[in-house]
Amino acid sequence: MKILNLLLWVTQFGVSLLFPLCFFLWLAYWLQGKFGLGIWIYAVLGFIGFMTSVSTAKACVQSMLKAAEEASDRKEVPIAFNDHI
């Protein structure tokens, strides 16, 4: 079940990367058709979509790392000074 949960996080990561960029490019296409805006609208909204994807991906990676840390059964052993090689 833990592996399935982490697999769902990977899927969420993919959607988080693709959706904002695709949405903003579609919005630029719609705005250009509806209001006759220039080609510059693709650059502006494409940049906003890219930055949104980066921000969302960063938050998703942080959540994935936190979930993976909680799912691991491994406990960190504190370093002891009397532990010699």
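No lab work stands behind these numbers, since they all come straight from the coordinates. All figures in this text were calculated on a predicted structure; none of them were measured in a lab. Don't worry about glycine lacking a Cβ; one is built from the backbone with ideal geometry, like all the others, and counts go over all protein chains shown.
What is the count of Lys pairs in the chain whose alpha carbons sit under 30 Å apart, if the two are 8 or more places apart or on different chains?
Step by step, the pairs that qualify in the chain add up to 6.
Normalised by the number of residues in the range 2-70, what is the relative contact order in percent for Cα pairs under 8 Å and 6+ residues apart?
Answer for the range 2-70 is 44 percent.
Could you compute the longest span of the chain free of trypsin sites (Lys or Arg not before Pro) located in DSSP loops and having at most 13 other Cβ atoms within 10 Å, not counting the site residues?
Formally, the longest exposed-site-free interval is 1-73.
Treating only the Cα positions of the chain as identical point scatterers, give the base-10 log of I(q)/I(0) from the Debye formula at each q in 0.16, 0.25 Å⁻¹.
So the normalised log intensities are -0.73, -1.09.
In the range 3-68, what chymotrypsin sites (Phe, Trp or Tyr not before Pro) fall in a loop by DSSP, with at most 11 other Cβ atoms inside 10 Å?
Listed in order of number, the matching sites amount to none.
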